[in-house]
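A short reminder: the numbers here are calculations on the coordinates, not readings from a lab. Keep in mind that this is a model prediction, so the values were computed, not measured. Reconstructed Cβ throughout: ideal geometry from the backbone, glycine too, with neighbour counts over all protein chains shown.
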Amino acid sequence: MAAHFQSQSDDDLLTTDDAEAFGMFYDRHVHSVLGYFARRTGEPERAADLTAETFASALAARRRYRPGGAPAVAWLFAIAARRLADYHRRGRVDARAQRVLAMEPVPLGAEDAEMVRMLGEDTAVSLLSGLPADQRAAIRWHVVDDRSYGEIAADQRVSEQVVRQRVSRGLAALRARMGGSR
Amino acid sequence: MSAYIAELRRELVDAAERERRRSAPRRALARSRRPLALGLASAAVVLAAVLGIAVLGRNAPEPVPAAPRIVATIRVGGQPLDGTIGAGSVWIADGTGRVLRVDPRSRRVVARIPAGSQVTAIAASGDAVWAVTSIRLNVHGHQVVGIDPTSDRVVTHVLPTAAFGRLLEVAGGTVWVQSDMQAGGPLQRVDKRKDRIVGDFGRSWRSAIAGQGDVLWTLDVNGVLERRDAATGRLLARRPGFAAGQAPTAIAPAGRGAWVATGEDGAVTRVTDDLKVRDRVELGARGPMAVTDGSLWVTTVDAKGINVELVRLDPGTGQVLGRLRLGARLPRALVAVGDEVWAVIGDGTVLVIR
């Protein structure tokens, strides 16, 4: 079953009514999400909690995901950015989506914590470092900081279409590197 | 793959599967409704007018409880051995010779009561808490102590007439103990006026006793199931050979009957008040059980003896309503606290599960 899903796109995985499909989507992106949170919180435990809540939120919201718009990975990181903003606002990780889904908290062992710390140091940096500077910046502003295309365009004094193009091309390149270029 | 990433994946896939099952009937119903919607709407108007609105919903299914989850973890310390509820509190034998009093609302330890020596079993009623403690200087090795909930102090010491172990229950205002478990001794009770253990209510190698209201259920290793008047000890019903050879381990009264767990086949079986067998479910039952408001909770362990799960069942039918993985955390006791079950774990924690 897992091999069957390996050949499917992120869009297919999110729109397939199969639990294992979401597992495959998780497999593809969990490391980059962990790294994203590890870099921003500096705490492996918080990064793990936020990662769990992000994927739980994605699972709860996947029926609202519409293929053809923003890439699935951008959709996922938009959720991640919102969970991070919630965390900064409240000072704690609210596990609401996990509670709604009746998920059990997953403890983070010492070795796992070290792994998360390393992901924070390496993963995103190495993924983004190979992108052209304009694409790297556009992705960071739009996907990571959750700013709108129009806002970035006004700030950079370019058209909104240009910003969309940079984000789209950058994410396509990232997907290709992560093995999800479908 | 790291343990964390693998475990989170399992949680997500399980949650996705639960969502899929939950939404499938709704989607199927929505599909089937469309062609009939207009006709049904008309019929509903007529029916409502004829029968009255109150009829609607009579056949609606009972709400299914949500999948079980841990809602809080209480760190009590020590190596807890047993737990019970009574006198408005949850009481934990912490494995270090103390009885802990926990407020069920705040979930905080509000008193730590020295019992004098190791507490191996604990039971409570509305106005008293009783514990089995070990004593070195007595030839029988154990005694029963009574704790006064108003002062949080041990106020009664009851010496046994024969050795006994963990079996202790309070029901019908009477404290029951199984004496001389090594030799199939008698079921006895505590005479509170004389602070003595007295009586002989049948000799047997009992493996479980449990009370509910005015009824005391007992079960022995040969599968003899008994139902007694908890106040007097009078035998109400007896069924020999029930689950013979299946190593009965636990009994949980529920409604007009009880559920019995058998370790050999890992099954739980529902028996009625007149000891007739009704439902049987094979789960891998290997530990304590408890009945909360609307749920039977059964501790299960997989065939490798590694992974522990708490399974929630409908106490009326035995239908499995949900499962909660506990990993290696095997509950020493399950305490029913309203609609929550508190799992007493040997690592010094109590898991509050709903």
Next on the checklist: As an exercise, use a Förster radius of 41 Å and the Cβ-Cβ distance of A:GLU160 and A:ARG96 to find the FRET efficiency, rounded to the nearest 0.05.
Outcome noted: 0.80
Checklist entry - Considering every Cα-Cα pair within region A:1-41, what fraction, in whole percent, is farther apart than 14 Å? => result 47 percent
Checklist outcome for this item: The rounded separation in angstrom of the Cα centers of region B:167-231 and region A:41-71 is 55 Å
Item to check | Projected-area mean, region B:211-337, by convex hull of Cα positions, square nanometres | outcome: 7.4 nm²
Item to check | 5 angstrom amide H check on B:VAL337, placed H, neighbours 5+ away | outcome: B:TRP342
Next on the checklist: Considering just Cα atoms, how many Å³ per residue does the convex hull of region B:174-233 enclose?
Outcome noted: 69 Å³
Checklist entry - Modelled label-to-label distance, B:THR232 and B:ARG20, 7 Å Cα→beta-carbon offset: nm? => result 5.9 nm
Next on the checklist: What distance in nm separates the two pseudo spin-label positions at B:ASP214 and B:THR349, each 7 Å out from Cα along the beta-carbon direction?
Outcome noted: 4.3 nm
